[in-house]
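Undergrad: My questions all concern the structure below.
The values are calculated or read from the model by the stated rules, or taken from the named source; none is laboratory data. Since the model is a prediction, treat every value here as computed from it, not as a measurement. In this analysis, Cβ positions are derived from the backbone assuming ideal geometry, glycine residues included, and neighbour counts consider all displayed protein chains. Accessible surface areas use protein heavy atoms only, side chains included; no ligands, DNA or RNA. Shrake-Rupley method; radii C 1.70, N 1.55, O 1.52, S 1.80 Å.
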Amino acid sequence: MSETQTEKMTGDELASKLKNNVVFRRREGVKGDGLRLSAEDMAWWTDVKFGMFIHWGLYAIPADGEWYMHFAKVPVEQYAKYADEFIPKHFDAKEWVQAAQNAGMRYMVLTARHHDGFALWDSPSTYNNFCSTKTSAKRDFVAEYTQACHEVGMRTGLYFSPMDWRFPAYFKPQEFPENAQLMKQQCYGQVEELMRHYGKIDVLWYDGAWLAHEGSDADAAWLWEPVKLNTMVRKYQPKVVISPRSGWEGDFGTDEGGHAAAGPIIDWPWEKCLNLNSPSWGFNNEQQVMTRDEIVRMLVNVVGRGGNVLLNVGPDREGRIPPHHVERLREVGAWLDRFGKSIYGTKAGPFQPVDNQYCATHRDRTVYVHVLDGLKSATLVLPALNAKVVACTLMSGDALRFAQSEKQLEVTLQPDQRQTPCTVVELTLEHSL
Ligand code: GLC
């Protein structure tokens, strides 16, 4: 992609173009012997299903998304001045954790450092003292956040961007080899700090290991040496779950954006990340907030295909998640209070999803079918099961009429038994699948 082409693009277009390294349902990235976690070590992650992504940094001040510095072509020294103004009065990590808990979210991932290079912690390796303890805020936000998570047993994740727009080498790595080494040194130093000084880290979410707006993260592996980088990470955090965006294949796959999850079950760990509020990950003044039903539908569709949902919020410059976003998350939490049994700790299947009609999860002897609006008929026809169904109910306990044969399973749902955005049908089997 040429520079001129990218310049014409808007934030979302470019961001998704850059994601040509993320191919849904398949892993790219260099391999690294023995680096990937076992299914057993991944079990907590595949069980939790729903997490909070937080994009927060200096870009909350201009309030035009986390790509602001790049798109508005703000010179490095000028952008750095935002650090003088960054004194977030209302930052309270406990409130963030509480908001995530109220939403039924069971892990969190905070942008410790995004592509603008500003580190939210006390970072000795930062290039040019660009971190929150050495500028006006004088606070280590990563310390406060990790502590707040640890206090309540919230699984704790950190996002980190290896590349940094402040380095000319990001744009022209071959032309500035020494500068490229400096940028790499910062990356290794900062990743080490994050992995060593903040207790147990459950997720390390890399993003942005590509170079010069071209190619994939794996194409830039010649610079970052992601296997070496993550071998170091495993030394400090042997069980941390690592995203696929450092150029190494990672422990899970990512699917980025609010497009619907469709198609069959994916049989390796994957995560959809998306925005509660479009059009950017970082705070913006436009408010296109997803509805509760859209979020629940997304969750059900992703979980029914074996994935997790990492839903993003963008706190404002003072550190507040906008109150109506918190409220929206609480509504999702209320749905999960009632129906979370059909989500957490389940596996996708046994039925393959039928787009817009239903998808299913199961645990032990119970199968949960999430029936969606696209099913218009009063009869839900499911493929045959190799276990006898001994009960079929709504999650409220109301019995449903059903008929099981060798060929199929039919469940009758009266119109007044349907719920928005989905009806959860519970099947109890004679034995586990
Ligand atoms: C893209 C964007 C970035 C955002 C990320 C979230 O890679 O560059 O701004 O943090 O997606 O997945």
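Undergrad: Going from most exposed to least, what order do Ile265, Ile87 have by accessible area with a 1.4 Å probe?
TA: Greatest to least solvent exposure: Ile87, Ile265.
Undergrad: Right, next: Loop only by DSSP, 10 or fewer other Cβ within 10 Å of the Cβ. Give me the trypsin sites (Lys or Arg not before Pro) in the range 105-211 that pass, ordered by residue number.
TA: In loop regions of the range 105-211 (DSSP not H, G, I, E or B), the sparsely surrounded trypsin sites (Lys or Arg not before Pro) are Lys138.
Undergrad: Specify the inter-centroid distance of the range 22-98 and the range 351-428, based on alpha-carbon positions, in whole Å.
TA: 38 Å
Undergrad: Right, next: How high is the FRET efficiency from Arg330 to Gln181, r the C-beta distance, R0 56 Å, rounded to 0.05?
TA: After rounding to 0.05, the efficiency reads 0.75.
Undergrad: Let me ask something else about it. Evaluate the relative contact order of the range 108-242 (contact order divided by residue number), counting alpha-carbon pairs under 8 angstrom at least 6 apart; express in whole percent.
TA: It rounds to 24 percent for the range 108-242.
Undergrad: Please go through the range 246-292 and write out the GluC sites (Glu not before Pro) that DSSP classes as loop and that have at most 12 other C-beta atoms within 10 Å.
TA: Glu286
Undergrad: Next up: Below 8 Å between Cα atoms, with a sequence gap of 6+, how large is the relative contact order for the range 212-329 in percent?
TA: Value for the range 212-329: 20 percent.
Undergrad: Expected output is a single nm value to one decimal: the length gained when fully extending between Lys347 and Trp222, i.e. 0.36 nm times separation in residues minus the C-alpha distance. What is it?
TA: 41.2 nm
Undergrad: Let me ask something else about it. Taking only Cα atoms, what is the 0 to 90° angle, nearest 10, from helix 141-152's long axis to the longest principal axis of the chain?
TA: 30 degrees
Undergrad: Could you tell me what percent of the accessible area of the range 203-337 is made up of carbon and sulfur, with a 1.4 Å probe and every protein chain present?
TA: 52 percent
Undergrad: Tell me which trypsin sites (Lys or Arg not before Pro) from the range 345-383 have a DSSP coil assignment and no more than 16 other beta carbons within 10 Å of their own.
TA: Arg365, Lys376
Undergrad: Return the FRET efficiency for the residue pair Lys81, Arg196: r is the Cβ-Cβ distance, R0 is 25 Å, and the value is rounded to the nearest 0.05.
TA: 0.20
Undergrad: Give me the dipole magnitude in Debye, nearest 20, for the range 48-121 about the Cα centre, with unit charges on the beta carbon: positive for Lys and Arg, negative for Asp and Glu.
TA: For this selection, approximately 320 debye.
Undergrad: While we're looking at this one, here's another question. Once the other residues with Cβ under 13 Å from the Cβ of Met195 are scored (Lys, Arg +1; Asp, Glu -1), what is the net sum?
TA: +2
Undergrad: Please list the equivalent ellipsoid semi-axes of the chain, computed as the square roots of five times the alpha-carbon gyration tensor eigenvalues, in descending order and whole angstrom.
TA: Over the Cα atoms of the chain, the semi-axes work out to 41, 22, 20 Å.
Undergrad: Taking the range 349-429 as the region of interest, what is the percent of Cα-Cα pairs per 5 angstrom bin, listed from the shortest bin to the one with the maximum distance?
TA: Going from the shortest bin to the longest, the percentages are 3, 15, 31, 29, 16, 4, 0.
Undergrad: What distance in nm lies between label points placed 7 Å from Cα along the C-beta direction at Ala391 and Ser405?
TA: Inter-label distance under the simple model: 2.7 nm.
Undergrad: Sticking with this one: For Lys73 and Asp33, what is the calculated FRET efficiency with R₀ set at 25 Å and r taken between the beta-carbons, to the nearest 0.05?
TA: For Lys73 and Asp33, the calculated efficiency is 0.05.
Undergrad: Over the alpha-carbon set of the range 287-420, work out the extent along each principal axis and list the three values in angstrom, largest first.
TA: 60, 28, 25
Undergrad: What percent does the relative contact order of the chain come to when contacts are Cα pairs within less than 8 Å and at least six residues apart?
TA: 18 percent.
Undergrad: Now, a different point. For the chain, what is the charge dipole size about the Cα centre, in debye to the nearest 20, if Lys and Arg each add +1 at the Cβ and Asp and Glu each add -1 at the Cβ?
TA: The dipole of the chain has a size of about 780 debye.
Undergrad: In this model, which of Lys138/Lys200; Lys94/Lys138; Lys200/Lys235; Lys347/Lys388; Lys73/Lys172 are farther than 21 Å apart at the alpha-carbon?
TA: Lys138/Lys200
Undergrad: Most fluctuating residue of Val152, Val367, Val48 in a GNM of the chain with Cα springs under 10 Å: which is it?
TA: It is Val152.
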